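Single-structure report; data block below.
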Amino acid sequence: MNNQIPDSEKTAVHDEVSADYEAFKDEGRYKKSRKLTLRKSWRWWGLAVVLFLALQILLAFYFDREPDLFDVKVNAEKYAKEHQWRDVTGVTSGAAFLEITNVLLNKPGGYMSNDVMPPFVLMDNMPSWEFGVVVQVRDFVRVVRNDISRSQSQSEEDKDLADSDPKFHNDHDKWMWPATEGRFKSGRQFFLKYMNRLAGSAQPPAEFYARTDNLVVWLNLVEKRLGSLSKRLSASVGEDRINTNSGGDAMSESATYQPSELQVKTSWMQIDNNFYEARGSTWALIHLLKAMEVDFKGVLEKKNALVSIRQIIRELEATQDSIWTPMILNGSGFGFFANHSLVMASYISRANAKIIDLRQLLEDG
């Protein structure tokens with residue numbers, strides 16, 4: 001009996017085995033190729049993510065720069081030339097206000113407090129700076145609306161200022177309609193209309209009364225703002241305070257229980273926010289004080305108060321010195337490390353004390 005396999009069958013089996021082997025090799029080459037492709041793909045994706053993060057960090061550093069101080073007199077001349085204004089009382093203060101709001105809205109990166117996209121959503125220093133500026137803008141436009149533009153309390157308020165003031169009291173971080181910067185721009189345009197009627201040819205004419213009582217009203221607000229900033233900055237290291245909320249009045253009452261002593265300490269997450277809010281607030285205040293010095297010069301000279309307001313400005317200018325560390329340090333008082341909040345609080349407290357003296361001099365001198 002012949003048990004040998006025919007050559008034809010051998011050939012068929014060999015071909016089948018060869019085909020299976022080639023298919024296996026092809027599958028192996030495919031899997032290897034796919035692994036290499038995926039590896040390269042992940043490598044490109046990783047590189048893209050690294051480049052994106054690096055770009056965001058660079059943009060954050062660029063947009064985190066605080067604007068420089070500007071000369072209020074040169075600024076007033078620029079606005080007067082651009083809008084054909086006359087040299088009248090109030091031009092310097094009005095032009096300073098317009099430039100402050102212009103910087104707030106149009107600095108590199110624009111208005112950031114309500115941004116929800118990177119890198120702005122990851123930045124908190126500049127939004128805090130912006131909020132400090134916004135507080136001074138709100139106070140100034142309200143005082144101009146309620147006092148400086150009116151001859152007396154029973155006189156009619158200026159229509160454009162009545163439209164401008166509420167626009168700046170919108171939520172400062174609102175990004176949904178109506179967006180914050182849109183309302184701020186609208187408020188700025190209404191204030192510009194007021195200035196065109198004050199110093200330009202637009203009708204009806206507007207007024208800016210540089211009187212002692214009007215300056216005192218604004219200084220009252222300023223001293224309250226600076227007092228609040230100074231308190232919050234001083235609390236960066238924590239302290240035990242005697243409760244002075246009742247003002248020393250033994251018969252005073254309050255809606256809630258008031259302990260005799262308070263433990264006050266700023267959260268470490270709020271330390272840099274308070275610091276940059278103070279930087280923004282004092283940045284705006286420096287320009288407004290310089291402008292008021294020009295527009296209220298007659299009042300200040302009569303009260304021998306020009307030197308006082310100049311010293312206040314000098315104290316506040318120290319708050320704008322360069323920061324040479326990559327973060328806001330929070331050392332413990334006389335400890336080894338510096339405490340930037342306490343230094344800022346010192347400058348603001350000294351300026352605030354002089355503002356109180358200036359207000360009393362204007363009221364009584």
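Since every read-out is calculated from the coordinates, none of them should be taken as a lab result. These figures come from a predicted structure and were not determined experimentally. Virtual Cβ from ideal backbone geometry, glycine too; neighbours counted across all protein chains shown.
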Positive dipole terminus of the stretch 70-209, leading residue within His169, Ala76, Val133 (C-beta point charges)
Ala76
Quick note on Phe120, Phe334, ordering by fewest other C-beta atoms within 10 Å, gives Phe334, Phe120
Loop-only check: which trypsin sites (Lys or Arg not before Pro) in the stretch 70-155 are DSSP coil with at most 14 other Cβ within 10 angstrom?
Arg86
Neighbouring Cβ atoms within 10 Å as the yardstick, rank Phe296, Phe168, Phe61 fewest first.
Phe61, Phe168, Phe296
If every Lys and Arg gets +1 and every Asp and Glu gets -1 at its Cβ, then about the Cα centre the stretch 70-209 yields a dipole, in debye to the nearest 20, of 280 debye
From the Cα centre of the stretch 49-70 to that of the stretch 294-351, the distance in Å is 27 Å
Which value, in Å to one decimal place, does the Kirkwood hydrodynamic radius take for the stretch 70-209 when every pair of different Cα atoms is included?
15.7 Å
Relative contact order (%) - the stretch 70-209, alpha-carbon pairs under 8 angstrom, separation at least six:
28 percent
Scan the stretch 264-365 for trypsin sites (Lys or Arg not before Pro) in coil per DSSP, keeping those whose Cβ has at most 13 other Cβ atoms within 10 Å, and list them by number.
Lys265
